[in-house]
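Let me begin by presenting the structure, written as C-alpha cells, before commenting on it.
Every read-out reported here was derived from the displayed coordinates using simple, explicitly stated rules and does not represent laboratory data. This is a predicted model, so every value here is computed, not measured. Every residue, glycine among them, receives a Cβ derived from its backbone with ideal geometry; neighbour counts consider all protein chains shown.
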C-alpha cells in the first residue's frame, strides 16, 4: 500500500500544519472497531465509555460507521472501508441519535471522538457513484475502477474534479456541526491530493480545532495533518521481531526519524491495528511483550491501542465477516498493566512532550536504552527495555547527559522501586539483574 522509503531531507518547522496545538502530543488513542466491539453497536460502546476512560485513554477513534457496499462485497458483511453512503450510519450499529449520544457522553467524561474518513474510494454501488459517476477513475470501457487491483470491492475517486472537493468538505462539515466530532483519522490519505487536505483543514478548522491524523508516514503530509502514522518505523520493528534485521537497525532508523522530521513532529505509534496482526501473536515471551508495551508509551509520539490489545488477544479481528471481540477473556493483569502505562504517560510532561535520545549500551542487540528529557533542564527519564530475557549486567553510557563521579537515585515509574547508581570516569554506569522494563525518573 505504501512506499516505505523516506527522503532524508529534513523538513523545516514551517512545513508543519501551522496551528497544531502542542497538547495533541498528549493524546492516548483507543481504536474501536464498532461492528466487532459489541452486539449493541453504538450503545455498547457508549456503555463502556467510562471503562475506557478509566484505563487512561483520552481519545477514541471509531473505524468507519457508514453502511457498507453490497456490490463486489468481500465476505459476508463487507469491509467497513467500502462505504456506500457518507451521510448515513450503518443500521446494524444503531441510529444517528445513538451516535450523537455516544459523542455527547464521551465529551462529558473528557474523551475526544475521531471519525474514520475514507475519501480515496467508495463501494461500487455507493450513493456518490450513482449521483456523480464522472467523479471516479474509469477503465478504457468506461467502468469505474480501483487503481489498486487488489481492492476489487471499491472504486477510486478522481480529485481532478473540484466539485468533489466541495462535496467531501461539506460532508465532513456535516459530522462536525451535527454531531460535534473532534477530528478525523484519514484513510490512505497519501492517495488523495495534499492540496485537498490543506483546503479541507483550512475550512473545517474554522468551525472547531480538529485533530487530523494521516494514515501515511510521508513527512510532507504534516502540511495538512497534525499526526502521521509510524508505518515506516513499525515495519522496521517487525523486521527485528521476525529475525530479518537487528535491533540496532531499528534503533538507527528511529534516530534517523529524529533527523528528518521537524523537531515538534508527532507520530502515531502502534504495535498492532486493524490492518496488522496482533502483537501477542508475534511475541510470546512475556518480558519481551511487556518491554514492547512500555516502549509504546515511552517512545516519542502518540500511542495507539487497538480494542482487545489490552486483553493480550492473539486473534486478529475479521473486518469482512462476523466477528466479536471475546471480552469474556478478560485479562486483569494486562488490563491493569495497560492502565498503568496510560496514566504514567498522562502524568508525565516529559513523556508527553519531551525530546528523545538513545544511549549506547553493552547489549545493543537485545536491549533498548534511551532517555526522554527537556533541553536545558536536569530532569530525565531513563528507559531500559530488555527484549531477549533477563540481563545479568548492563553497561550504559551517559556521555554528555550526566556528570561522572556522582551518585544518582531514580524511581521506577512502573512500580516505584528505587534504583541507585553512579557514573565512572567514562560516563558509564552498570545495572544488574534486569528482569523487567525500567522507566526511571531522576534529576541530574
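From the alpha carbon centroid of the range 280-340 to that of the range 130-166 is 37 Å. Pop the C-beta distance of residue 364 and residue 138 into the FRET formula with R0 = 41 Å and round what comes out to the nearest 0.05. Computed FRET efficiency for residue 364 and residue 138: 0.15. When restricted to Cα atoms, the range 356-443 yields an Rg and a Dmax of 12.0, 35 Å, respectively. Ordering 138, 66 from the fewest to the most neighbouring beta carbons within 10 Å gives 138, 66.
So for 179, 136, fewest C-beta neighbours within 10 Å to most, what's the order?
Ascending Cβ contact count within 10 Å gives the list 179, 136.
Treating r as the C-beta distance of residue 346 and residue 420 and R0 as 22 Å, the FRET efficiency rounds to 0.20. Residue-normalised convex hull volume from the C-alpha trace of the range 55-154: 125 Å³ per residue. Here the residues 418, 145, 211, ranked from fewest to most Cβ neighbours within 10 Å of their Cβ, fall in the order 418, 145, 211.
Between residue 314 and residue 92, full extension at 0.36 nm per residue minus the direct alpha carbon distance yields a gain of 77.3 nm. Label positions at residue 198 and residue 281, each projected 7 Å from the Cα along the C-beta direction, are separated by 4.1 nm.
Reported value for the chain: 145 Å³ per residue, from the convex hull of its C-alpha atoms.
How far is helix 247-260 tilted off the main Cα axis of the chain, in degrees rounded to 10, range 0 to 90? The answer is roughly 70 degrees. Relative to the longest principal axis of the Cα atoms of the chain, the long axis of helix 332-346 lies at roughly 80 degrees.
Over the range 118-175, the pair-distance histogram of Cα-Cα distances with 10 Å bins from zero comes to 24, 57, 18, 2 percent, rounded to whole numbers.
Pairs of Cα atoms nearer than 8 Å and 6+ residues apart set the relative contact order; for the chain it is 15 percent. Maximal additional length on extending the residue 148-residue 235 stretch stands at 29.2 nm, based on 0.36 nm per residue less the C-alpha distance. If R0 is taken as 41 Å, the Cβ-Cβ distance between residue 407 and residue 353 corresponds to a FRET efficiency of 0.90. Length gained on full extension, residue 50 to residue 377: 114.0 nm, using 0.36 nm per residue less the C-alpha separation. Prolate is the label for the range 176-272, because the ratio a/c of its alpha-carbon gyration tensor axes (a ≥ b ≥ c) is 1.5 or higher and a/b is greater than b/c. Peptide packing: for 27-33, 100-106, the average count of neighbouring Cβ atoms within 10 Å per residue gives the ranking 27-33, 100-106, highest mean first.
For the chain, the longest principal axis of the alpha carbon atoms and the long axis of helix 194-204 meet at an angle near 90°. Between residue 432 and residue 161, the simple label model (points 7 Å from Cα in the Cβ direction) yields a spacing of 7.2 nm. Take the Cα of residue 170, step 7 Å toward its Cβ, do the same at residue 330, and the gap between the two points is 4.8 nm. Using the rule -39500 (n - 2.57) for each DSSP H run of four or more residues, divided by the residues of the chain, the 222 nm mean residue ellipticity is -8000 deg cm²/dmol.
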